1. Looking at the stretch 13-28, is at least one residue modelled with pLDDT under 90, under 24 Å from Thr254 (Cα atoms) and not in a helix (DSSP H, G or I)?
2. Taking the stretch 418-437 only, how many residues are out of contact with any His (no Cβ under 9 Å at 6 or more places or on another chain) and modelled with pLDDT of 95 or more?
3. Kindly check whether there is at least one residue in the stretch 475-489 that is at pLDDT below 90 and not basic (Lys, Arg).
4. Give me the helices (runs of 4 or more DSSP H) completely within the stretch 340-459, filtered to those with at least 1 residues that are under 21 Å from the mean Cα position of the chain (by Cα) and surrounded by fewer than 20 Cβ atoms within 10 Å (Cβ to Cβ), ordered by residue number.
5. Test of understanding: among Arg575, Arg547, Arg553, Arg644, which residue is touching a helix residue (DSSP H, G or I) at 6+ places or on another chain (Cβ under 9 Å), open to solvent by 10 Å² or more (accessible area, probe 1.4 Å) and free of Cβ contacts under 8 Å to residues at least 24 places away in the same chain?
6. Please state which one of Ile295, Ile325 is crowded, with 18+ Cβ neighbours inside 10 Å, of a type outside the set (Lys, Arg), out of contact with any helix residue (DSSP H, G or I) (no Cβ under 8 Å at 6 or more places or on another chain) and part of a helix (DSSP H, G or I).
7. Just checking, does the stretch 79-88 include any residue being out of contact with any Leu (no Cβ under 8 Å at 6 or more places or on another chain) and farther than 30 Å from Asp571 by Cα?
Amino acid sequence: MTDTATSFDVNDQNAPSPREGGEVADLAADRYSNREMSWLDFNARVLALAEDRRQPLLERMKFLSIFASNLDEFYMVRVAGLKRRQEMGLAVRSPDGLSPRERLAMVAERSRELTLRHARCFLTDIEPALAAEGIRILRWADLTSIQQQELSEYFHAKIFPVLTPLAVDPAHPFPYISGLSLNLAVLVRAPESEIDRFARIKVPNNVRRFVVVSQNAEIAEYLPLEDLIAAHLAALFPGMEVVEHHLFRVTRNTDFEVDEDRDEDLLQALERELVRRRFGPPVRLEVGEDIDPSILALLISEIDVQPEDVQQLPGLLDLTALWQIYDIDRPELKERPFVPATHPRFAEGETPKSVFATLREGDVLVHHPYESFATSVQRFIEQAAADPNVLAIKQTLYRTSGDSPIVDSLIDAAEAGKQVVVLVEIKARFDEQANIKWARALERAGCHVVYGLVGLKTHCKTSLVVRQEGGSLRRYAHIGTGNYHPKTARLYEDFGLFTADERICSDLTDLFNVLTGYSRQTDYRTLLVAPHRLRAGLLDRIEREIRLAKQGRPAHIQIKTNHLVDEILIDALYRASLAGVRIELLVRTFCSIKAGVPGLSENITVRSILGRFLEHSRVFYFANDGDPEYWIGSADLMHRNLDRRVEVLAQVTGPNVDQLRETLDLAFSPDTSAWELQGDGRWVRSGGPKSIDYQEVLLKRLAPRSE
């Protein structure tokens, strides 16, 4: 579920003040929900999918892994940011009125509750169900003598040489514990002594976590790597008695800031900060529930965490590793596979059509993953790279994959003599190293590579192709809600607009001039672009619906977004609700608005849909008195997106609005299964056994099945 699953920005609480005047002053002081708790509520919904026995078994296990990955990132960034503010003595309260200390206390309590529920779900439900299907996670004592002998040989050949026991005594200081690594805390004793000595062994992270014991079409048995190491501790401490051992894991602050005003070379500055990220302060310590209290006290002291930062859990630590088991070839325990459809405008039967010829006939809207990324976005760039009439390609890259066909095509285009301009956002969190690699590869191929604007991340998803056609130039564009990432395009739900509309293409030309040069343009013909006009453009449209409602005309707003925390827009939506505007919101993760509160938000409903695919698109609908507007783009309703990023929203017009209308109607249908936000802040799952599965309906509507 990460974006992966879900990105965080600890500076988002530095919000612009709500606009003065109007009815804002009359709104309730407690009108914002706590942001951290809303995220934990989201991860609770992910956990509910793991607990749902209607889901295929391996899909349930996958959601356990997603929950764990999400929580890791939440601690590495969001909790880390709160801790930093508390340690700096910054008592700035969040919009919901809480101090960093109060927010941390709430997070610790709720997180502890969810992690215990998560661990027990695996131990008491999913692990036994896996065993019933022949998929077993064994312990050393469960193995036969022959299996133990085989794995001992494997240990001595493949694992033992890379292990390094680190003693702790006056001559050996407590070792540095890297973030998210698994470690064994070991107590050993000399035969002639009664004094226990502490040592630490890092479980290698470049070896698969689950060692295969046996595997065939019906049986798959695994041994956790830490169990294999623990069974051979005597080989690591010859001549010593191994008294006991316990597993532990540390989460560290991985957030950092680059001084862009000070550093002349952003690439070098970022590489320096990436090294520092490894040594961020600890924010969480995970241990087994049976850990010896004296060892726990030592870990708390030496790692320097607070007792409230400790999570004692039953069973395995770090369930993110369950993805390894998900890869097993057991299709009957997974969702039915499907092959994304090629948009009918891009093919005649099995024969691909020219994207450029298609767009000269009109715009095309694609919906991933139901409609193929490879035969739309990827083909657009590939055809542009291979077309001798294409003179230039301009591209933004925020995240892409390790074997990116998009990057390969851009390199091919540059080597063919085309002008290729690529904005690689090297500050994309957790993808910085990969993006630095791509930037250098593109530069070596002759592409013009830029790294964005000082003080801003470039988050928009845009591509522009300039083509010679007869005696004139014609431009073609793609604007999307998701990254140019072929792997996540199979898992993330997103929209993409292809167009040859001259106004949109002119706007993108101007935007690329802003990104690559010294242009200060802030207004565009058709696009809403952050950080200058996007929030204002949305506010103008909300105000228009308010005016219509006050005139007694139907007024309606629908918004589909990942996050909604911007106070100015939330207040505008509250005022719209009070004016009688019907407001329907589909929010995946962070959500600070309150729904259905008398005297504040009676006309606001908030839903959240989670499922097989990660809902990632941003869609905005305004009824506009019978002349509706539909917008798609890259921006969530957060301070970072509206104030500190380059974002783009594009209006969808013509026949393509029918697809957006059908999608929104389905998402907000009372027959569609979803979580609904209640007036008291609880999320309640709606729909019974006969309710509609939103994503399943779209699969049947847009993508053919493939067994």
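1. Within the stretch 13-28, one or more residues are modelled with pLDDT under 90, under 24 Å from Thr254 (Cα atoms) and not in a helix (DSSP H, G or I).
2. 1
3. Looking through the stretch 475-489, none of the residues is at pLDDT below 90 and not basic (Lys, Arg).
4. 432-444
5. Arg547
6. Ile295
7. There is at least one residue in the stretch 79-88 that is out of contact with any Leu (no Cβ under 8 Å at 6 or more places or on another chain) and farther than 30 Å from Asp571 by Cα.
Conditions tested, residue by residue: (1) touching a helix residue (DSSP H, G or I) at 6+ places or on another chain (Cβ under 9 Å); (2) more than 30 Å from Asn70 (Cβ to Cβ); (3) in contact (Cβ under 8 Å) with a residue 40 or more places away in the chain.
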site	(1), (2), (3)
Leu163	yes, yes, yes
Ala190	no, yes, yes
Asn216	no, yes, no
Tyr222	yes, no, yes
Leu236	yes, yes, yes
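The values are calculated or read from the model by the stated rules, or taken from the named source; none is laboratory data. Bear in mind that the values here come from a model prediction, so they are computed numbers and not experimental data. Please note: Cβ atoms are built from the backbone with ideal geometry, for glycine as well, and neighbour counts cover all protein chains shown. Protein only, heavy atoms only, side chains kept; ligands, DNA and RNA dropped before computing areas. Shrake-Rupley method; radii C 1.70, N 1.55, O 1.52, S 1.80 Å.
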